[in-house]
Amino acid sequence: QVQLVESGGGLVQPGGSLRLSCAASGSFFSINDMGWYRQAPGKQRELVATITNGGSTNYADSVKGRFTISRDNAKNTVILQMNSLKPEDTAVYYCKGDIRRLGGGLWTYPYWGQGTQVTVSS
C-alpha cells in the first residue's frame, strides 16, 4: 500500500515562484522514476519533468530553464521548484512514482498523487 501526497500549490503572480512537494508513504521496496505532470482545463495531461532513481532529469521544453526537479531518496520525496511562472503554467499538477512493491520482484507499478492546483494570475 503506497500513497503519494502532494503539497505546495496555490495562487501566484506571473513571474513568481512555487515549490511543490510529493512524499510517498506506506510499504514498498523502492521508487524508481518519479515525475511531475500537469493538466490544464480543456487540455490533455502532459509531462512536466522526470527524475530517475539516480538523479537524471528530463524537462518539457516549455518549462526548461524555469523549473527544477529534485528528489530526496531518504525521505521518499520529489520536489518541483517552479520559477518565473507564467499564466500558461496554470494547471493541476500531479506527482507520479514508479514503485517496486515489497515482494514484487523487478516490476514497478505507477502511483499518482491527488493533484494540487497551481494558478498563475495577476
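For the stretch 76-81, the Karplus equation 6.51 cos²θ - 1.76 cosθ + 1.60, evaluated at θ = phi - 60°, returns couplings of 6, 10, 10, 10, 10, 8 Hz by residue, with Gly and Pro reported as x. Shape class of the chain from the alpha-carbon gyration tensor: prolate, with a/c at 1.5 or above and a/b greater than b/c. Each label point was placed 7 Å from the Cα along the Cα-to-Cβ direction; for Gln114 and Asn58 their separation is 3.0 nm.
The mean sequence distance of close C-alpha pairs (under 8 Å, at least 6 residues apart), as a share of the length of the chain, puts its relative contact order at 36 percent.
Roughly how far apart, in whole Å, are the Cα centres of the stretch 55-107 and the stretch 1-54? Centre-to-centre distance over Cα atoms comes out at 5 Å. Between Arg66 and Glu46, full extension at 0.36 nm per residue minus the direct alpha carbon distance yields a gain of 5.5 nm. Residues considered: Ile79, Ile31, Ile69. Largest GNM mean-square fluctuation over the chain, using C-alpha springs under 10 Å, is found at Ile31.
On the beta carbon distance between Ser30 and Ser121, with R0 = 30 Å, the FRET formula returns roughly 0.15.
Overall, the accessible surface of the chain at a probe of 1.4 angstrom is composed of carbon and sulfur to the extent of 49 percent.
At a probe radius of 1.4 angstrom, the accessible area of the chain per residue rounds to 53 square angstrom. Starting from the 7 Å offset along Cα-to-Cβ, what nm value, one decimal, do you get for the label separation of Gln13 and Gln81? Distance between label points: 2.2 nm.
The values are calculated or read from the model by the stated rules, or taken from the named source; none is laboratory data. Note that the coordinates shown come from a computational prediction; the quantities given were computed from them, not determined experimentally. We place every Cβ from the backbone using ideal geometry, glycine too, and count neighbours over all the protein chains shown. All accessible areas refer to the heavy atoms of the entire protein, side chains included, with ligands and DNA or RNA removed. Shrake-Rupley method; radii C 1.70, N 1.55, O 1.52, S 1.80 Å.
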